[in-house]
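**Q** Here you go, one structure.
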Amino acid sequence: MSEIAITPAPPYYAVIFTSHRTKDDNGYSEMAGKMNDLAAKQPGFLGVESARESVGITVSYWSDLESIKLWKTNIEHILAQQKGKDIWYSEYKTRISKVEIDYQFIKNA
């Protein structure tokens with residue numbers, strides 16, 4: 001089971017990336033890991049959650065819109081985005097939302 005990101009009290013922002021993949025997997029997993037590691041070092045990064053079945057969904061959490069803009073313009077991220085367009089994705093959509101409310105349930109063991 002993947003981890004649920006630990007986020008601060010709202011407000012903060014979510015970047016929701018949904019995608020359909022091509023059949024070409026050449027280097028995708030390595031690049032995804034590299035981008036997760038790189039994003040985690042960016043100012044304003046709060047966490048990430050990801051799942052894939054027929055549609056992939058990755059949600060990254062950020063403290064503010066400026067941090068999201070800086071991540072979008074990171075040169076290594078730009079190169080990964082281009083490879084995604086050229087090789088790995090047949091379709092994707094990115095949405096940015098302000099998180100105003102969050103709550104959590106944890107079942108005691």
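**Q** Name the one entry in Asn36, Asn26 that is assigned to a helix (DSSP H, G or I) and either without any contact (Cβ under 8 Å) to a residue 60 or more places away in the chain or loosely packed, with under 14 Cβ neighbours inside 10 Å (or both). Can you show your working first?
**A** Numbers: Asn26 fails: assigned to a helix (DSSP H, G or I).
After ruling out the rest, the residue left standing is Asn36.
**Q** On to the next question. Tally the residues that are among the aliphatic types (A, V, I, L, M), touching a helix residue (DSSP H, G or I) at 6+ places or on another chain (Cβ under 7 Å) and more than 19 Å from Thr7 (Cα to Cα), restricting the search to the range 55-109.
**A** 1
**Q** Being of a type outside the set (A, V, I, L, M, F, W, C), in a loop (DSSP other than H, G, I, E, B) and within 21 Å of Asp64 (Cβ to Cβ) is the filter here; which residues of the range 1-23 pass it? Walk me through it before giving the result.
**A** Applying the first criterion (of a type outside the set (A, V, I, L, M, F, W, C)) to the range 1-23 yields 2-3, 7-8, 10-13, 18-23.
Now drop any that are not in a loop (DSSP other than H, G, I, E, B), which leaves 2-3, 7-8, 10-11, 22-23.
Selection gives Thr7, Pro8, Pro10, Pro11.
**Q** Taking into account only those residues within the range 70-109 that are of a type in the set (Val, Ile, Thr) and over 26 Å from Lys41 (Cβ atoms), which is modelled with the lowest pLDDT?
**A** Narrowing the range 70-109 to residues of a type in the set (Val, Ile, Thr): 73, 75, 78, 87, 94, 96, 99, 101, 106.
Filter once more, so that each one left must be over 26 Å from Lys41 (Cβ atoms): 101, 106.
On the way: Ile101: 98, Ile106: 89.
Restricting to residues being of a type in the set (Val, Ile, Thr) and over 26 Å from Lys41 (Cβ atoms), the top hit is Ile106.
Residue-wise test of (1) closer than 15 Å to Gln81 by Cα; (2) of a type in the set (Ser, Thr, Tyr).
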{"residue": "Ile6", "(1), (2)": "no, no"}
{"residue": "Pro10", "(1), (2)": "no, no"}
{"residue": "Phe17", "(1), (2)": "yes, no"}
{"residue": "Thr22", "(1), (2)": "yes, yes"}
{"residue": "Met31", "(1), (2)": "yes, no"}
{"residue": "Lys34", "(1), (2)": "yes, no"}
{"residue": "Asp37", "(1), (2)": "no, no"}
{"residue": "Lys41", "(1), (2)": "no, no"}
{"residue": "Glu49", "(1), (2)": "no, no"}
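**Q** Something else: Give the number of residues within the range 39-65 that are in contact (Cβ under 8 Å) with a residue 40 or more places away in the chain, part of a strand (DSSP E or B) and small (Gly, Ala, Ser). Steps first, answer last, please.
**A** If we filter the range 39-65 for residues that are in contact (Cβ under 8 Å) with a residue 40 or more places away in the chain, which is where we start, we get 46-51, 57-65.
With part of a strand (DSSP E or B) added as a condition, the list becomes 46-51, 57-62.
So of that shortlist, the ones also small (Gly, Ala, Ser) come out as 47, 50-51, 60.
Total meeting the criteria: 4.
**Q** Looking only at the range 66-103, count how many residues are exposed (fewer than 13 other Cβ atoms within 10 Å of the Cβ), more than 14 Å from the chain's Cα centre (by Cα) and touching a residue at least 24 places away in the same chain (Cβ under 8 Å).
**A** 6
The values are calculated or read from the model by the stated rules, or taken from the named source; none is laboratory data. Just so you know, these numbers come straight off a predicted model, no measurement behind them. Glycine also receives a Cβ, built like all others from the backbone with ideal geometry; neighbour counts cover every protein chain displayed.
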